[in-house]
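Peer 1: Starting off with a structure, shown below.
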Amino acid sequence: MRRLTLAFCLLAGACASVHSELPSVERAALDDERLTVQRAAVEEALARDERVRRLAWPLLTANTELCEKTAPRIGVRLGDVDVVASAARGLRKSQVEALGFSDEPFILSVAPGSPAAEAGLTPLTKVLRIGNAEEDIATAADFGAQYADALKRYEDDEEDGILFTVEQDGAERQLAVVPALACDIEVVSSGANEINARATFKTITIYAGLVRALEENDDALAFVIGHEIAHVAGRHPHKGLRNAAVTGALAWAPPLIVASTAADFVAYPLARRFGAKAPPFSTLATKGIARTVGSTDFEREADYLGLYMLARAGRPTDRVPEVFQLFANVSPRSSWLQVTHPVVPERTLRLRLAAEEIAAKRAAGQELVPEGWEE
């Protein structure tokens, strides 16, 4: 044991060190600075979610005719300490609690112009009760149950609106909210720093990296949200799953991805060493899977339909191509290599044609309905 201790001391003494005499930092000052930095990160996450909701709300309400399912909505997103920690990705729950957040749910974000905003609901408002509930809300599950019950009463014409009992400025208030019809799709922001967005069967996720990259271009970000709404409206997740089942991709695609990824680590570096110019094996495998399930055509339709959705919501379309230039800047090969999405030049040209189509319909006084979507 003594020998081990001696050996450790000798090794520690042999470690290299810096030459500068650095200023000392007090622990209390470090803790204060940490809270300042973390508070700013949370504020940025809340502002990001507010921006996504602000841009999404007009798209969800202006395009109900194009969505398969609609539902009454009020334009808010519920939050609690876990949601905030997830939005400010990398912070622990205890660190978010140190900033004043708790397990009690509250209104995380409110879409401007929504029924909730018009009724007086604001971000960080604590909701005590919803509808005719007698017990105060203690958890997110309580909030969901009370909201669902009040919404059902509204849909069944038993209530003229939804009554929210909230705490604002230290006082208890009651706010009546009359929902508006919207596409039955949930749009949320994610703390992931990926320049991307994804749509599932009913939920759209906009990643923080994309929001930051389009910080000065609301029109382009709104188009991305419209593009993802179009995926849901066009039932692309359902169709892709069905195509994968019909072609057998559900069975053979996973092992192909694993095998091609392994080949990238083993064989691809060797192939590149001898001058091979082909993309990685995993890229080629993904491209083959995409062709099998039809995802490239789904992306083309989402671009086309998404631009219509943007126009129907009253937003201009001239700055939309900037989002594809952003994708090309991040991944230059997207300008020539087609994998799961069409190449960027094709997407840009198709958008210009769609914009001309929309402009012609406006000039003729026609309703903005995408071709093939007429009843």
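Peer 1: Could you please find all residues in the stretch 208-248 being in a loop (DSSP other than H, G, I, E, B) and not polar (S, T, N, Q)?
Peer 2: Within the stretch 208-248, 214, 215, 216, 234, 235, 248 qualify.
Peer 1: Ok, one more. Tally time: how many residues in the stretch 148-164 are in contact with a strand residue (DSSP E or B) (Cβ under 6 Å, 6 or more places away or on another chain) and either assigned to a strand (DSSP E or B) or farther than 13 Å from residue 176 by Cα (or both)?
Peer 2: Within the stretch 148-164, residues that are in contact with a strand residue (DSSP E or B) (Cβ under 6 Å, 6 or more places away or on another chain) and either assigned to a strand (DSSP E or B) or farther than 13 Å from residue 176 by Cα (or both) number 3.
Peer 1: Hey, another quick one. Determine which member of the set 77, 39, 54 is closer than 24 Å to residue 101 by Cβ, outside the structural domain of residue 209 (by TED's automatic domain parsing), in contact with a Lys or Arg (Cβ under 9 Å, 6 or more places away or on another chain) and touching a residue at least 40 places away in the same chain (Cβ under 8 Å).
Peer 2: That would be 77, the only listed residue that is closer than 24 Å to residue 101 by Cβ, outside the structural domain of residue 209 (by TED's automatic domain parsing), in contact with a Lys or Arg (Cβ under 9 Å, 6 or more places away or on another chain) and touching a residue at least 40 places away in the same chain (Cβ under 8 Å).
Peer 1: Return the residue satisfying two criteria in turn: it lies in the stretch 40-69 and is in contact with a strand residue (DSSP E or B) (Cβ under 7 Å, 6 or more places away or on another chain) and under 15 Å from residue 309 (Cα atoms), and of such residues it is surrounded by the fewest Cβ atoms within 10 Å (Cβ to Cβ).
Peer 2: 64
Peer 1: Mind telling me which of the residues 152, 126 ends up being free of Cβ contacts under 8 Å to residues at least 12 places away in the same chain and either within 14 Å of residue 107 (Cα to Cα) or not assigned by TED's automatic domain parsing to the domain that holds residue 226 (or both)?
Peer 2: On the way: 126 fails: free of Cβ contacts under 8 Å to residues at least 12 places away in the same chain.
Every option except 152 fails the conditions.
Peer 1: Residue under question is residue 127, and the condition is that it be more than 15 Å from residue 72 (Cβ to Cβ), assigned to a helix (DSSP H, G or I) and at pLDDT 90 or above; does it hold?
Peer 2: For residue 127, the condition - more than 15 Å from residue 72 (Cβ to Cβ), assigned to a helix (DSSP H, G or I) and at pLDDT 90 or above - is not met.
Peer 1: Those residues that are surrounded by 19 or more Cβ atoms within 10 Å (Cβ to Cβ), more than 20 Å from the chain's Cα centre (by Cα) and in a helix (DSSP H, G or I), I need them from the stretch 305-354; list them, please.
Peer 2: If the condition is that a residue be surrounded by 19 or more Cβ atoms within 10 Å (Cβ to Cβ), more than 20 Å from the chain's Cα centre (by Cα) and in a helix (DSSP H, G or I), then 308, 311, 312, 334, 344, 347, 348, 351, 354 are the ones that fit.
Peer 1: Being surrounded by fewer than 19 Cβ atoms within 10 Å (Cβ to Cβ), in contact with a Lys or Arg (Cβ under 8 Å, 6 or more places away or on another chain) and not assigned by TED's automatic domain parsing to the domain that holds residue 201 is true for just one of 172, 158, 104. Which residue is that?
Peer 2: 104
Peer 1: Please indicate, with yes or no, whether at least one residue in the stretch 192-208 is more than 10 Å from the chain's Cα centre (by Cα), among the hydroxyl-bearing types (Ser, Thr, Tyr), surrounded by fewer than 19 Cβ atoms within 10 Å (Cβ to Cβ) and not assigned by TED's automatic domain parsing to the domain that holds residue 121.
Peer 2: Yes, the stretch 192-208 contains at least one residue that is more than 10 Å from the chain's Cα centre (by Cα), among the hydroxyl-bearing types (Ser, Thr, Tyr), surrounded by fewer than 19 Cβ atoms within 10 Å (Cβ to Cβ) and not assigned by TED's automatic domain parsing to the domain that holds residue 121.
Peer 1: If you go through the stretch 88-120, how many residues are of a type in the set (Gly, Ala, Ser), in contact with a helix residue (DSSP H, G or I) (Cβ under 8 Å, 6 or more places away or on another chain), in a loop (DSSP other than H, G, I, E, B) and under 24 Å from residue 56 (Cβ atoms)?
Peer 2: Total meeting the criteria: 4.
Peer 1: Something else: Please pick out the residue among 47, 62, 71, 12 that is at pLDDT below 90 and at negative phi.
Peer 2: Exactly one of 47, 62, 71, 12 is at pLDDT below 90 and at negative phi, namely 12.
The values are calculated or read from the model by the stated rules, or taken from the named source; none is laboratory data. As the structure is a prediction and not an experimental result, all values here were calculated from the model. Quick reminder, even Gly has a Cβ in these numbers, built from the backbone with ideal geometry, and neighbours come from all protein chains shown.
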